[in-house]
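A quick write-up on the structure given underneath.
The values are calculated or read from the model by the stated rules, or taken from the named source; none is laboratory data. Bear in mind the structure is a predicted one, so any value in this text is a computation, not a measurement. All Cβ positions, glycine included, derive from the backbone under ideal geometry; neighbour counts span all protein chains shown. Keep in mind that these areas ignore ligands, DNA and RNA; they rest on the heavy atoms of the full protein, side chains included. Shrake-Rupley method; radii C 1.70, N 1.55, O 1.52, S 1.80 Å.
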Amino acid sequence: MRFFKYFIFVFLVFGCIPHQKELEVYDFQGIDSFLHQKDSKVHVVNFWATWCAPCVKELPYFEQLQENFEKDVEVLLISLDFPNQYETKLKPFLKKKQLKSKVIVLDDVNMNTWIPQIDSKWDGAIPVTLIYNKNKRQFYPQSFTYDELVNEVQKFLN
């Protein structure tokens, strides 16, 4: 009986503490499949970083988009934060903001190779967004307001 009470105590204490998800960190080859889904959804892929003020400003718009169009749209936030800042900046930021969209990290120093594979016109500046479905693909080297984002996504839904 004493063991059972101890087990219940440990379960209640540690089972109720929200566990922080581990960061999913990929090189470009690892994220390539996220950029070419062939399902019925519209995929919105945003490249951002915690140190980029326009990126942080538009994050709530992507969250709102995911929430309002959850059946038809899938948002993916790809962080370009520096590896030495994952623990000190990125993880605390994610915990504070409680983002519901999927967040992954791109850690690939060979930028001159992978940037043009995402879009030949991309100069490497962020934020940028890729919106695609199985029939269409568009690259946006800009930041968005919520209305602008919805307007662009609607073009893929119709």
- The number of residues in region 36-87 that are within 21 Å of I115 (Cα to Cα) and of a type in the set (S, T, Y) is 2
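Kindly provide the set of residues from region 37-66 that are part of a helix (DSSP H, G or I) and either closer than 16 Å to I104 by Cα or in contact with a Ser or Thr (Cβ under 8 Å, 6 or more places away or on another chain) (or both), ordered by number. Show your work before the answer.
Going residue by residue through region 37-66, those that are part of a helix (DSSP H, G or I) are 53-66.
Within region 37-66, P54, C55, V56, K57, E58, L59, Y61, F62, E63, Q66 meet the criteria.
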- Could you give me the residue pairs with C-beta distances under 6 Å whose first residue belongs to region 27-54 and is farther than 21 Å from L90 by Cβ, whose second residue is in a loop (DSSP other than H, G, I, E, B) and open to solvent by less than 50 Å² (accessible area, probe 1.4 Å) wherever it lies, and which are 6+ apart or on separate chains? V42/N133
- What pairs can you find where one residue is in region 122-134 and without any contact (Cβ under 8 Å) to a residue 24 or more places away in the chain and aliphatic (A, V, I, L, M), the other is crowded, with 19+ Cβ neighbours inside 10 Å and part of a strand (DSSP E or B), and their Cβ atoms are less than 6 Å apart, with a gap of 6+ or different chains? none
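Can you name the strands (runs of 3 or more DSSP E) wholly within region 67-158 that have at least 1 residues being more than 16 Å from F47 (Cβ to Cβ), modelled with pLDDT of 95 or more and in contact with a Leu (Cβ under 9 Å, 6 or more places away or on another chain)? Talk me through it step by step, then tell me what you get.
On the way: elements: 73-79, 102-106, 128-132, 137-140.
Fully inside region 67-158 and qualifying: 73-79.
Would you mind finding the one in K38, K57 that is over 16 Å from V150 (Cβ atoms), open to solvent by 30 Å² or more (accessible area, probe 1.4 Å), out of contact with any strand residue (DSSP E or B) (no Cβ under 6 Å at 6 or more places or on another chain) and at pLDDT 95 or above? Step through it out loud before you land on a result.
Numbers: K38 fails: at pLDDT 95 or above.
It is K57.
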- Considering (1) surrounded by fewer than 19 Cβ atoms within 10 Å (Cβ to Cβ); (2) free of Cβ contacts under 8 Å to residues at least 60 places away in the same chain; (3) among the acidic types (D, E), say which one D81 fails and leave the rest. (1)
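Within region 11-29, count every residue that is farther than 17 Å from F82 by Cα and modelled with pLDDT of 90 or more. It would help to see each step written out before you state the result.
Restricting attention to region 11-29, the residues satisfying the condition of being farther than 17 Å from F82 by Cα are 11-21, 29.
If we keep only those that are modelled with pLDDT of 90 or more too, we end up with 29.
The qualifying residues number 1.
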- Does region 90-102 contain at least one residue that is open to solvent by less than 60 Å² (accessible area, probe 1.4 Å) and closer than 19 Å to E152 by Cα? yes
- Which pairs have Cβ atoms under 7 Å, sit 6 or more apart or on different chains, and link a residue in region 138-158 that is farther than 14 Å from L65 by Cα to one that is among the aliphatic types (A, V, I, L, M) and part of a loop (DSSP other than H, G, I, E, B)? P141/A125
